[in-house]
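Worksheet: the structure to be examined is printed underneath.
The values are calculated or read from the model by the stated rules, or taken from the named source; none is laboratory data. Bear in mind the structure is a predicted one, so any value in this text is a computation, not a measurement. Note that we place each Cβ from the backbone using ideal geometry, even for glycine, and neighbour counts take in every protein chain shown. Areas reflect the complete protein model, heavy atoms only, side chains present, ligands, DNA and RNA absent. Shrake-Rupley method; radii C 1.70, N 1.55, O 1.52, S 1.80 Å.
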Amino acid sequence: MKFSKQGMTLTIFLVMGLFAITNSMTYMMQSASPNMGNLTRSIIFALVLYGWALVRLLSGKRFAIPFMDFINVVYGMGFVSNIAIAATKLSGTGALVVIALSIVGIGTTIFASFFARKFRSQAQTLVD
């Protein structure tokens with residue numbers, strides 16, 4: 001199976017999108033008057049970190065895989081946090097949607113780490 005730059009980029013964008021959606025839903029449903037500045041900053045921070053990791057990975061920089069793994073663990077814990085908040089503070093269909101999307105997000109972060117390793121090993125094989 002060949003792992004491409006487009007596939008890697010798509011996987012990372014999927015993780016970022018899922019995080020933005022679940023985080024926004026959790027934040028909006030939890031608070032009566034949400035502070036949009038905090039939500040916007042957390043989403044922008046995720047975009048910057050994943051973007052930086054993706055650029056490092058695609059350009060073959062040193063420690064790109066551990067950096068990507070670290071970011072995936074951090075945002076994987078963000079998905080776990082969204083599940084915990086949805087299970088304890090939210091109710092109805094919204095809570096189920098947040099939980100389902102967060103579970104998909106956790107799986108996607110795991111797949112992104114796997115994909116990064118395969119992409120990197122394939123790139124090394126092409127160079128050697």
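Taking region 56-96, which residues are farther than 14 Å from R120 by Cβ and β-branched (V, I, T)?
Residues satisfying the conditions are I71, V73, V74, V80, I83, I85, T88, T93.
Considering every residue within region 6-21, establish whether at least one is hydrophobic (A, V, I, L, M, F, W, C), open to solvent by 30 Å² or more (accessible area, probe 1.4 Å) and not in a helix (DSSP H, G or I).
No, region 6-21 contains no residue that is hydrophobic (A, V, I, L, M, F, W, C), open to solvent by 30 Å² or more (accessible area, probe 1.4 Å) and not in a helix (DSSP H, G or I).
To keep it simple, each residue is scored yes or no on (1) closer than 17 Å to V15 by Cβ; (2) touching a strand residue (DSSP E or B) at 6+ places or on another chain (Cβ under 9 Å); (3) at pLDDT 85 or above; (4) of a type in the set (S, T, N, Q).
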| site | (1), (2), (3), (4) |
| --- | --- |
| S59 | no, no, yes, yes |
| V74 | yes, no, yes, no |
| G94 | no, no, yes, no |
| F111 | yes, no, yes, no |
| K118 | yes, no, no, no |
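With the requirement that a residue be under 15 Å from the mean Cα position of the chain (by Cα) and touching a residue at least 60 places away in the same chain (Cβ under 8 Å), what does region 18-50 give you?
L18, F19, I21, T22
Of (1) more than 17 Å from T108 (Cβ to Cβ); (2) within 11 Å of the chain's Cα centre (by Cα); (3) among the hydrophobic types (A, V, I, L, M, F, W, C), M77 satisfies all except one. Which?
Going through (1) more than 17 Å from T108 (Cβ to Cβ); (2) within 11 Å of the chain's Cα centre (by Cα); (3) among the hydrophobic types (A, V, I, L, M, F, W, C) one by one, M77 breaks only (1).
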